[in-house]
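Right, one structure below, let's go through it.
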Amino acid sequence: MLASKTSTRKKIFIVFAIGFFSLGFVFKDKFYDNYFEISKNIDIFTRLVREINMTYVDEIEPNKFVRTGIDAMLRSLDPYTQFISASEIEDYRFMSTGQYGGIGATITKRNGKVIVVEPYPESPAYKSGIRAGDEILQIDNEKVENSKFENTDIRNLLRGQPKTKVKVVIRKPSGNIETYLIEREEIKVKNVPYYGMIDNETGYIILTGFTKDAANEVKQAFESLKSQNAQMKGLILDLRGNPGGLLFEAIEIANLFIPKGEKVVETKGKMESSMKVYIAKNNPLDLEIPITVLINGKSASASEIVSGVLQDLDRGVIVGRKSFGKGLVQATRPLSYNTQLKVTTSKYYTPSGRCIQAIDYGNRDEEGSATKIPDSLKKAFKTKAGRTVYDGGGIEPDVVVEDKEWHKITEELLSQFIIFDFATEFAMKNPTIPPARNFKISDAIYNEFIQFAQNKMFKFDTKSEKQIEQTEKIFDAEGYSDLKSDLQELKNKLTNKKKDDILKYKSEILPLLQKEIVARYYLMPGAIENSFLYDNDIAQAAKVLKDKSRYDALLKK
């Protein structure tokens with residue numbers, strides 16, 4: 001009997017061993033097949049570049065030529081897998097750390113002019129006297145007005161090692177030319193540009209990025225609010241427009257408000273190193289204070305981890321609009337010649353087990369375009385309290401706030417810098433304004449703005465006008481040219497209607513104008529504070545916090 005059992009075990013072992021080694025040969029064969037195909041195609045690519053370089057009728061730029069091929073190849077995967085050249089390393093480092101050596105100002109190029117959009121608070125640029133609306137004419141010995149320099153080139157001219165100096169020649173809005181010799185400093189762009197109290201009971205923290213020290217900034221902001229405002233009973237965490245960043249910072253921020261030992265996020269990928277479960281390792285700051293989290297369609301990646309964790313663990317109410325839907329995690333790999341590859345290595349999963357990724361880059365349609373995951377394939381998951389949430393398309397808010405689309409005139413007033421330029425002129429004429437929280441645009445100021453737009457010959461085309469132009473062409477083609485006079489009459493009526501739009505859509509134009517003016521005096525923190533007067537998302541988030549029964553009901557099954 002014993003011999004029979006031993007024989008049976010041997011047979012099972014032999015069958016298992018044969019199966020294991022057969023499977024090993026399959027993996028081995030697949031590995032060598034892939035290796036051969038990659039080696040073959042690299043050889044073809046190398047020979048192709050060499051032949052083009054030797055025989056093509058015109059001279060080629062090798063770096064640019066090969067980079068085009070690399071970028072096209074990586075685009076076939078997903079938008080987040082990117083090649084980083086040696087010259088782009090500093091920009092990538094800034095995206096990760098938020099730090100660089102420079103003067104601390106954002107700039108834009110418009111009609112050949114280089115305009116300062118915003119100097120950072122307490123930056124070398126601001127302390128030197130540079131303000132929004134100033135025009136940069138020259139940086140050291142390089143004239144940048146009407147030059148071929150792009151925004152990146154100009155930014156690189158302004159940046160440099162801390163304690164080095166750069167000469168900047170400025171034309172002020174008044175027309176005066178001024179020269180500044182500015183000593184560069186280590187600039188750290190804050191992840192939390194503002195925190196404060198909306199009212200006596202409601203704290204507010206806006207988080208715009210997830211670079212290094214983001215969690216520490218949120219921690220300090222919350223501790224400061226709590227220590228200085230004993231009556232604080234609720235917190236709004238604003239993640240709107242936050243594109244994400246470092247995974248570790250998202251985990252640490254979530255850990256501030258959830259119990260130690262809770263699962264925060266899980267990553268799954270092809271390689272064993274990408275299969276990880278991240279747990280809250282620290283004691284939280286606060287487990288009791290009610291939280292509302294603001295998100296919108298531009299809240300992505302790390303923003304979705306934080307909002308997803310707080311939703312899955314029923315720790316906070318999500319308010320706003322559905323988030324972007326980026327559930328992909330990237331890592332960097334060093335390459336030769338000081339270059340790097342940023343590559344998607346895994347997908348992340350929130351505590352309930354859902355992946356927020358909205359677009360399936362692994363499956364494409366006949367035209368080669370990646371498609372969104374259809375609703376029919378979305379799966380239901382449960383939060384800790386048993387609420388139903390879904391995967392495959394961003395974080396769905398618990399309280400939806402409808403997003404109003406701007407009218408064409410509002411978009412054009414922004415894109416043509418009419419609002420920006422009026423704020424610059426207003427600040428030049430008015431040395432002071434009331435505190436940021438109290439400043440409101442009067443009817444007199446708005447009438448000034450209307451006159452300013454008219455003096456600037458502000459014009460914009462509507463879809464209606466473009467449709468009329470298309471109809472005119474069709475009339476010509478089909479022999480109905482005699483009817484075009486009726487279309488011209490309609491076009492004239494439309495032109496007269498457009499003149500009234502700046503008054504008709506005052507309610508959506510005025511907050512943007514007010515924000516831009518306040519920023520001239522109190523910079524971005526002041527503009528954020530002023531937004532409390534009109535921001536409907538913030539108003540709805542505060543309303544949920546003040547209604548305890550509603551807040552509790554939203555977090556129950």
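Would you confirm whether or not region 531-553 contains a residue that is in contact with a strand residue (DSSP E or B) (Cβ under 9 Å, 6 or more places away or on another chain), surrounded by 17 or more Cβ atoms within 10 Å (Cβ to Cβ), among the small types (G, A, S) and on the phi < 0 side of the Ramachandran plot? Yes, some residue in region 531-553 is in contact with a strand residue (DSSP E or B) (Cβ under 9 Å, 6 or more places away or on another chain), surrounded by 17 or more Cβ atoms within 10 Å (Cβ to Cβ), among the small types (G, A, S) and on the phi < 0 side of the Ramachandran plot. Confirm whether N338 is under 30 Å from E90 (Cβ atoms), in a loop (DSSP other than H, G, I, E, B) and touching a helix residue (DSSP H, G or I) at 6+ places or on another chain (Cβ under 9 Å). When the stated conditions are applied, N338 passes them. A single entry from T267, T292 fulfils the requirement of being under 23 Å from K557 (Cα atoms), in a strand (DSSP E or B) and touching a residue at least 24 places away in the same chain (Cβ under 8 Å): T292.
Summed over region 76-87, residues that are surrounded by 15 or more Cβ atoms within 10 Å (Cβ to Cβ) and either without any contact (Cβ under 8 Å) to a residue 40 or more places away in the chain or not in a loop (DSSP other than H, G, I, E, B) (or both) total 3.
For the residues I409, I395, the requirement of being more than 30 Å from P259 (Cα to Cα), touching an Asp or Glu at 6+ places or on another chain (Cβ under 8 Å) and among the β-branched types (V, I, T) singles out I409. From the list N111, N53, N34, N41, which residue is at pLDDT below 95 and either within 35 Å of the chain's Cα centre (by Cα) or buried (at least 16 other Cβ atoms within 10 Å of the Cβ) (or both)? Among N111, N53, N34, N41, only N111 is at pLDDT below 95 and either within 35 Å of the chain's Cα centre (by Cα) or buried (at least 16 other Cβ atoms within 10 Å of the Cβ) (or both).
Number of residues in region 427-438 that are part of a loop (DSSP other than H, G, I, E, B) and out of contact with any helix residue (DSSP H, G or I) (no Cβ under 6 Å at 6 or more places or on another chain): the value is 6.
Among the candidates S307, S336, S352, S303, the residue that is over 19 Å from T208 (Cα atoms) and either in contact (Cβ under 8 Å) with a residue 12 or more places away in the chain or in contact with a strand residue (DSSP E or B) (Cβ under 8 Å, 6 or more places away or on another chain) (or both) is uniquely S352. Of the numbered criteria (1) modelled with pLDDT of 95 or more; (2) assigned to a helix (DSSP H, G or I), the one Q488 fails is (1). Applying the condition of being in contact (Cβ under 8 Å) with a residue 24 or more places away in the chain, among the polar types (S, T, N, Q) and under 22 Å from A132 (Cα atoms) to region 419-467 and asking which residue is surrounded by the most Cβ atoms within 10 Å (Cβ to Cβ) yields T424. If the Cβ limit is 9 Å and pairs must be 6+ apart or interchain, which residue in region 363-375 that is within 18 Å of A72 (Cα to Cα) pairs with which residue that is among the aromatic types (F, W, Y) and surrounded by 10 or more Cβ atoms within 10 Å (Cβ to Cβ)? Matching pairs, first to second residue: A370/Y361.
Looking only at region 114-132, residues that are crowded, with 22+ Cβ neighbours inside 10 Å and either part of a loop (DSSP other than H, G, I, E, B) or of a type in the set (S, T, N, Q) (or both) come to 1 in all.
Among the listed residues R67, R47, identify the single one that is among the charged types (D, E, K, R), within 19 Å of L341 (Cα to Cα) and either touching a Leu at 6+ places or on another chain (Cβ under 9 Å) or not assigned by TED's automatic domain parsing to the domain that holds G362 (or both). First the steps, then the outcome.
Details: R47 fails: within 19 Å of L341 (Cα to Cα).
Checking each option against the conditions leaves just R67.
In the set (1) part of a loop (DSSP other than H, G, I, E, B); (2) farther than 30 Å from I291 by Cβ; (3) of a type outside the set (K, R), D403 fails one condition alone, (2).
Based on this model, can you work out whether K298 counts as in contact with a strand residue (DSSP E or B) (Cβ under 8 Å, 6 or more places away or on another chain), under 24 Å from S76 (Cα atoms) and surrounded by fewer than 19 Cβ atoms within 10 Å (Cβ to Cβ)? Spell out the reasoning first.
Numbers: in contact with a strand residue (DSSP E or B) (Cβ under 8 Å, 6 or more places away or on another chain): no; under 24 Å from S76 (Cα atoms): yes; surrounded by fewer than 19 Cβ atoms within 10 Å (Cβ to Cβ): yes.
Against the criterion (in contact with a strand residue (DSSP E or B) (Cβ under 8 Å, 6 or more places away or on another chain), under 24 Å from S76 (Cα atoms) and surrounded by fewer than 19 Cβ atoms within 10 Å (Cβ to Cβ)), K298 does not qualify.
Within region 439-462, is even one residue in a helix (DSSP H, G or I), in contact with a Ser or Thr (Cβ under 9 Å, 6 or more places away or on another chain) and either outside the structural domain of L533 (by TED's automatic domain parsing) or more than 30 Å from G196 (Cα to Cα) (or both)? Checked against the condition, which is being in a helix (DSSP H, G or I), in contact with a Ser or Thr (Cβ under 9 Å, 6 or more places away or on another chain) and either outside the structural domain of L533 (by TED's automatic domain parsing) or more than 30 Å from G196 (Cα to Cα) (or both), region 439-462 yields no hits at all.
Would you mind finding the one in G98, G104 that is surrounded by 15 or more Cβ atoms within 10 Å (Cβ to Cβ), under 24 Å from K188 (Cβ atoms), touching a Ser or Thr at 6+ places or on another chain (Cβ under 9 Å) and at pLDDT below 95?
On the way: G104 fails: at pLDDT below 95.
Answer to the check: G98.
Within region 498-522, residues that are without any contact (Cβ under 8 Å) to a residue 24 or more places away in the chain reach partners that are crowded, with 19+ Cβ neighbours inside 10 Å and assigned to a helix (DSSP H, G or I) with beta carbons closer than 6 Å, at six or more positions or on different chains, in the pairs K515/A527. Sort out which residues of region 141-151 are over 24 Å from L523 (Cβ atoms) and either in contact with a Ser or Thr (Cβ under 6 Å, 6 or more places away or on another chain) or loosely packed, with under 14 Cβ neighbours inside 10 Å (or both), and write them in order of number. Result: N141, E142, K143, N146, K148, E150.
The values are calculated or read from the model by the stated rules, or taken from the named source; none is laboratory data. Because the structure is predicted, anything quoted here is derived from the model rather than measured. As a convention, Cβ positions derive from the backbone with ideal geometry for all residues, glycine included, and neighbour counts pool all protein chains shown.
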